1. List the number of the failed condition for F34; all other conditions in (1) touching a residue at least 40 places away in the same chain (Cβ under 8 Å); (2) open to solvent by 60 Å² or more (accessible area, probe 1.4 Å) hold.
2. Before we move on, is D7 modelled with pLDDT of 95 or more, on the phi < 0 side of the Ramachandran plot and acidic (D, E)?
3. Identify all residues within the stretch 1-31 that are exposed (fewer than 12 other Cβ atoms within 10 Å of the Cβ) and part of a loop (DSSP other than H, G, I, E, B); write none if there are none.
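The values are calculated or read from the model by the stated rules, or taken from the named source; none is laboratory data. Just so it is clear, the structure is predicted and the values come from calculations on it, not from any experiment. Please note: Cβ atoms are built from the backbone with ideal geometry, for glycine as well, and neighbour counts cover all protein chains shown. When the accessible area is computed, the model is the full protein with side chains, heavy atoms only, and any ligands, DNA or RNA have been set aside. Shrake-Rupley method; radii C 1.70, N 1.55, O 1.52, S 1.80 Å.
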Amino acid sequence: MNSKGLDYTILLIVIVGAVNWGLVGFFKFDLIAFLFGDMSWISRIIYALVGLAGLYMVSMFGRVLSIGADHA
């Protein structure tokens, strides 16, 4: 998988996490726990992947800012 494919995959994971947190915040409904069980091993893996994807997006944010600075 090339870097662009990895970026899109991780962006999708972050979006899933954001939607889940939105559901928790607005409706007290945890979609991941509903689908896979409350703190089951698969739920914990998904939560961990969302967290790692968020950290990766921090580095992507830095790359986007540096690209913008190059074009200014």
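1. All conditions are met except number (1).
2. No; evaluated as a whole, the condition is false for this residue.
3. M1, N2, K28
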